[in-house]
Structure formats: structure tokens, C-alpha cells
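Here is the structure we will look at, set down as C-alpha cells.
Derivation of every value follows stated rules applied to the coordinates shown; laboratory data play no part. None of the values given here were measured: they were computed from a predicted structure. Note: ideal-geometry Cβ built from the backbone for every residue, glycine included; neighbour counts use all protein chains shown.
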Ligand code: ITT
């Protein structure tokens, strides 16, 4: 089976991506993978991560840079989503608190995937988005990150109340991966 290095340290991403894609084994980068994510956009940070994993392995690499963009907060936490507060629960608490009087609760999850060839050149970069709103309370135990407070447009439950299978049909990560899979099929 073809192997692609997934340029991440987040085990939830590995799990979701391996559940979505058949026929490719996504493997973690070696110890020492610690890219400096100092880009200003999801696109830049995705490229930084992919390049670092390729530098360490010389293999085909795929990076996922993702986050939650909230309209009321002018797009924050955005690329800072992983660093918004020290723990996942504190990030949720902080966001619910800053949004407590917000009428406009529109938000979107963004995922930018970058695929590099063995030579480190960009093969393709794809953005996936999943639109919805921030709930007033947290609900559900599935998924990770901000899933317990995000309601996808057209749904009544939070993303953390959806099954893994349902999330993986509609998520920003699934949308980006569709583009990557289309590219690999060609
Ligand atoms: P790597 O950089 O090692 O890939 P990370 O978790 O730090 O791992 P990001 O910089 O891309 O990755 O930050 C993404 C953050 O955005 C993640 O930690 C979550 O807080 C949030 N996030 C991304 N996708 C999500 C999803 O599907 N559900 C809930 N939260 C998500």
C-alpha cells in the first residue's frame, strides 16, 4: 500500500484522515518533527508543516492546517485555534465566554491540505470549509477540539454529537481530502 507521511502531531487528525481514505496508509513523521508555524494564513502554515515533514523523511507528505474562524471575532481564533488557551476545555470555555452576548454566531471550520512530492515541490494545495454556528452550550463527546460547540448548517446537533462517520462526510477535513484524492487519482 502507498504510504504518505502526515505532517502532524495531532492524533485526532491521523485517525480522521485514515478513516476517510482507503488504499493509502498515512504515517506519522519521525520524532523531532516540530515545525515553526509562523505563517499568517492556513495556506502558509500548511506548507511549513509539509516541508518540514518532507525534509525529515524525503517522502511524499500531506499537511493539514486547520482552525475555527468566528465572524463575531473577525475570523479569530483562526490560525491560532490550537493556541487560543492551554487546554481543549479552556479553549471552549474562553470562546463561549467571549461570545456570551454575541447575536451573530456564524463560524466556519477551515482545513488547508498541502501535498508535496518526494522532491519537496508542491503537488497541490486544497482548502475545505464547513460552515455553521457557535452554540451557546457545549454538547457531545465525539470528535475533538471545538466540535462540542459547533453546529453545522442544516443540523441541530453539535459536531461532537455526530457519529464519526457523519462528521467525516461533511467536515472541512473531508472536503479538503476529497480534493487531494481527486488529484491522486489523476
Ligand atoms: P498539528 O499542527 O501538529 O497538525 P494542531 O492541532 O496544532 O496539530 P493546527 O495548528 O492545524 O493543528 O490547529 C488546529 C486546531 O483547530 C485544533 O487543535 C483544534 O483546536 C481546531 N480544529 C481543527 N479541526 C478541528 C475539528 O475537526 N474539530 C474541532 N476542532 C478542530
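Data table
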{"item": "Ratio of Rg to Rh over the stretch 91-170 (Cα coordinates, Kirkwood Rh, two decimals)", "result": "1.09"}
{"item": "Helix 172-185 vs. the chain, principal-axis angle (Cα, 0 to 90°, nearest 10)", "result": "20"}
{"item": "Per-selection Rg to Rh, the stretch 97-140 - Cα, Kirkwood hydrodynamic radius", "result": "1.26"}
{"item": "Length-normalised contact order for the chain - Cα pairs under 8 Å, 6+ apart - percent", "result": "18"}
{"item": "The stretch 15-58 - Rg and Dmax from Cα coordinates, angstrom", "result": "12.2, 34"}
{"item": "Degrees separating the helix 42-57 axis from the principal Cα axis of the chain, which is the longest one", "result": "40"}
{"item": "Between 0 and 90°, nearest 10: helix 11-20 axis offset from the chain longest Cα axis", "result": "80"}
{"item": "Taking the C-alpha atoms of the stretch 1-93, convex hull volume expressed per residue in Å³", "result": "112"}
{"item": "Packing rank of 80-88, 122-130, where each peptide gets the mean count of other beta carbons within 10 Å, highest leading", "result": "122-130, 80-88"}
{"item": "Peptide ranges 18-26, 31-39 listed from the most packed, as the mean C-beta count within 10 angstrom indicates", "result": "18-26, 31-39"}
{"item": "Between the stretch 1-77 and the stretch 107-186, the Cα center-to-center distance that results, in Å", "result": "13"}
{"item": "Computed label-point distance, nm, for sites residue 131 and residue 119 using a 7 Å Cα→Cβ extension", "result": "3.9"}
{"item": "Principal axis dimensions, largest first and in whole angstrom, of the chain by Cα", "result": "50, 32, 25"}
